[in-house]
1. From the Cα gyration tensor of segment B:12-168, with a ≥ b ≥ c the square roots of its eigenvalues, which class applies: rounded if a/c is under 1.5, or else prolate if a/b is larger than b/c, or else oblate?
2. To the nearest 0.05, what FRET efficiency results for residue B:311 and residue B:388 with a Förster distance of 25 Å applied to their C-beta separation?
3. Efficiency by 1/(1 + (r/R0)^6): what FRET value for residue B:45 and residue A:436, r their Cβ-Cβ distance, R0 = 56 Å, to the nearest 0.05?
4. Please arrange B:129, B:350 by counting, for each residue, the other beta carbons lying within 10 Å of its beta carbon, fewest first.
5. Percent of Cα-Cα pairs more than 49 Å apart in the protein assembly as shown, please.
6. Could you tell me the distance between the Cα centroids of segment A:1-63 and segment A:76-148, to the nearest Å?
7. For the Cα atoms of chain A, what angle does the longest principal axis make with the long axis of helix A:404-429, in degrees from 0 to 90, nearest 10?
8. Work out, step by step, the length gained on full extension between residue A:390 and residue A:466: first 0.36 nm times the residue separation, then minus their alpha carbon distance; give nm to one decimal.
C-alpha cells in the first residue's frame, strides 16, 4: 500500500502542470472544433461578454476603426501605470512635487511609466471623442441602443473628469494654474448672479467651486479631493459604466449593422458569398430570452464567423496597437513637469487642459455662457439625439441615410466658415464691451460669440430639418457643427491665444516674460 | 474564403514587436545608457588608475555603480550631484577632468557635503540625474546652477560677509561697495532704506526668471545672466527701462550681480547660521547711524550728483536742484531742509526719506543736512523788512518773470516746482524773498535785484510771494487774474 501511495504521489507530482492547467481552464485545451470554440468563449468569465459568433461586418476595421477598443485599452494602460505611480506619489502639497521629481529622476523607469500614463490618458480623451463621432455618423445610437449612447456620454464626462483631476496631482505651475482656471470655470455662474445682483443670496458658482476645491483657492484640500477622485472614485465609476456599456453592446445585438440582404450573392470581405434568407424561427438557447435583434435572431448565421479566434485576434491586435502607440509616444516625449506651484507667480497664459480650451475660449467671452450654459446645452443636446431621431435605418453604415454625406460636407464648410469668421471678427474688432464700455453685463452674457455660434448652428440645423425633411439629417448637421466648433475653438485657444489671452499667430511670438 | 482575422494577426505581430523594441529600448536606456552610469564607469577607471596603495585598492573595491545622493532634510535638499561628481572629497582627483575633480579650496572642510548638500551654495536642480537638468538653464526649475564665480553670493545666506576672509568673498564685497558708491539706494530700497523710483531689492536673489523680462536677453535665460546683462545696459535688457546706466566694467557688473544674488531671505535653520550672521540680524534692527556724507553718497547722489549744480535730467524730463549750492545752503534754514527731506516733494520724483518712508533716522537727516551745508550757516544773514504784497499784481509779475522756467502755477518745468505743497509749507517768505533777490549761484536762477535780470523792487517781490501763497488755496490762476476772488492776505512779514 505504502508503495502504491508513494507511487501515486509521485505520479501526481509529475502531472502537476497539466492538472493545474486543467483546473484553471474549464475546457483545458485549445479548442479544435467550432463547438469547442464556442465553449471557449462562453465558459470564460472574461470572454463570455462576447457572442460566440461575430458578424463579418463587425470585423471590418473601417466600420469602427477599433476606437472603442482603443479607448478601453488606453484605460487599462492608465490603470496599470497609475497603480505603479501611486506607489511613489505622495498627495501632499509639501511632498507631491518632490515625489514627482523622484519619479522622474530616480525611480526605476519612473519617467517612462509616467510618460506612458500621461500619453495613454491623452489618447483616451481623444479616442473617446472620436468614438462618439463614429457612433454618431454610423447612426449606431438608434433603437435599441439609445441607453448605451447615454452611458457613453457618461463615460465621456468621467473620462474628462479623470484626466482633469489627474492634472493637478504633480503640483507644478502647469497643474496649479490649469486647475485654478478650471475651478474658475466652475465658478462661472457667478457672472450671471453678479450681473443680476443676487450672488449674496444665491451663489451656485461659489458652491461649485468650493465643492471642487474644498476651499476658495487651490490648496491641500483641493489636492486630496482630486487625488481621491482620480485614484478611487472616478475609476470605480468608469469601470462600472464600462461594464454596463459592454454588456449593453451585447444585449443590444452587438455592433449596429444593417439587415443582411434577403438572399442571393453579396459582396463580403472582397469576395462574393452566399447569403441566406432570414430564418424566422432560428434562435439560440438561452439567448431566446433576450429581446431585440442579435446576430443570430430572426436571421441566418451565414455572415458570421467564430469569435474564437477571429474576434479575439482583432481585439488583442487593437490592444497591442494601443500599447505600441503609447510606448512610442512615451519614449520620445516627456510628460511636462514645470516649476513647483507658486501662487505668487501666475502662468501667463494660464491654460486649462487642452480638451477644455474650447470652453476656456468661450469663457473668455462670457464665463456663464462658456462655463455653464453652453456645455449644458451641448450635453443635453447630445443626450437627446437618440430620442429625437427615432426613424430606423442607416444603422452601422457610415453616412447611411440618403443625402447624409452631402449634409455633412455642407455643414462642415458652413461651420468652419462661421466659426473662423466669428473668431476673426472678434480678434479684429473686439466685442460689445470694446464698443460700449458701459453696457450692462447681462447683454454680454446673452450676446457673445459663443452664444451666437450656438444660435447660428441651431438655426442651420432647423433649416436643414425643414428643407431636407429628415430628423437624422438635421441631427447630422448639428453634430457636425458641434464637432467643428469644438475642434476649431480648441485649436484656436491652444495655438493662437497667448499671454493675457491675446491673439498671436504662433506661440513663438509670445513675449518671453 | 480568406481568413477574416489574418490582417489582425499581422497587426498584432507588428504592434507586439514595436512594443518589445521600445520596452527593451527603455530598459537599456535605464540600465546602461544613463549619463550618470557612463560617468561612474569612467570614474571607476580613474579609481583603478590611482589605486596604487592599499587604501586606493580598497576604495576601488568598495566602489559601486549606483545612484548616490545627499539628503539634507533641514535645508529641504536631496542633492544627487554626487552621482556624477564622485571625486569631490578625494584629494587624489586634482588633475582629472570634470565631473570627477576634487572640490577646489578648503570649503568642504568647514562645510561637509553630508551636512550642507550642494544646492545651498551652488543652486541648480539637485534632484536631477543629468547635467543639463541639474544646471537647469533651460528646464522648468526656478534656481539654475550659478557659475562658479558667482557661488560666493550664497555665502550671505549663513554669514555676515563682512566678517568673512575678504579674499573668499571679494566680488561680493566689491558689489556691496559699488552699490553704495553708485548710489543705487537713491532709487532702490534695500533693508527698508532707499528711494522708490525703482523696485525694492530685498529679495532680488530669490527672483525666478518668470519675474524678470527675458524677451530681449540672449540665452541663457537665467536670472544671473539677466542681472549681468542688465548692469551693463538696463535699457537693452528691459526696453523702456528708466534705470540710469550704472556705467560699470564687466568685472563690476559681475560684482553687482553677485551682490544682487546674495539678496535672498532664505529660511535656513538657526543651527546653520554662523554666529556673526545671528549678530548681523540683531544689529540690523538697530543699525549704526550713517554719517552725513555716507547718507548723501548712498541715497542722494543718484539724482543730485555732487549737488553743487542744478541740472536737467533728460531721462525723467525733470529738473534736479543742486542741493549743496552755496546760495541755497546760505539761504535755507535747517527746518526747510528737514521738511523737504522727510516729506519729499509729492508729485515729483523726490520721495520722502523720513523713518517711515525712505528709512533715514532723524539723526541721519540732521547729519546729511550738516553735510549739505558744508559748514555754511544762515545765522549771520540779517532779516529783510518787506512790505505787504498784492497777489493779483504778483500774478502778473510771476507771469512776466518766473513762469518761463517755473511753469504755470509754479508746477515746474525746467526749474523746481515752487507750487509744490511741501515747498510752500517748508519755504518761509524770507527764504523765497532772499532767493529771488540773490538768485542761485551756478544755476539758471538769476538775482532779480542785480544787473543780470529785470530789477524787481521789494514791493514786486512781496507781491510775487503773496501770489505764491495763494497757490495752495485751490484757486485757479484764471480766477485770480479775473479778479473773481479777493487776493490773498499779505504774507510778506519777515
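Only the coordinates and a few stated rules stand behind these numbers; no lab work does. Note that the structure is a prediction, hence the values are computed from the model and not measured. Neighbour counts are summed over all protein chains in view; Cβ atoms, including those assigned to glycine, are modelled from backbone coordinates with ideal geometry.
1. Values: a/c = 2.74, a/b = 1.45, b/c = 1.90.
It comes out oblate by the Cα gyration axes.
2. Numbers: r = 36 Å, r/R0 = 1.45.
About 0.10, to the nearest 0.05.
3. Values: r = 76 Å, r/R0 = 1.36.
Efficiency, rounded to the nearest 0.05: 0.15.
4. Details: B:129 21, B:350 25.
Sorted ascending by nearby Cβ count, the order is B:129, B:350.
5. Tail of the P(r) past 49 Å holds 50 percent of the pairs.
6. Each part's Cα centre sits 33 Å from the other's.
7. Around 30 degrees separate the two axes.
8. Values: separation 76, 0.36 × 76 = 27.36 nm, distance 1.68 nm.
Extending this stretch completely gives an extra 25.7 nm.
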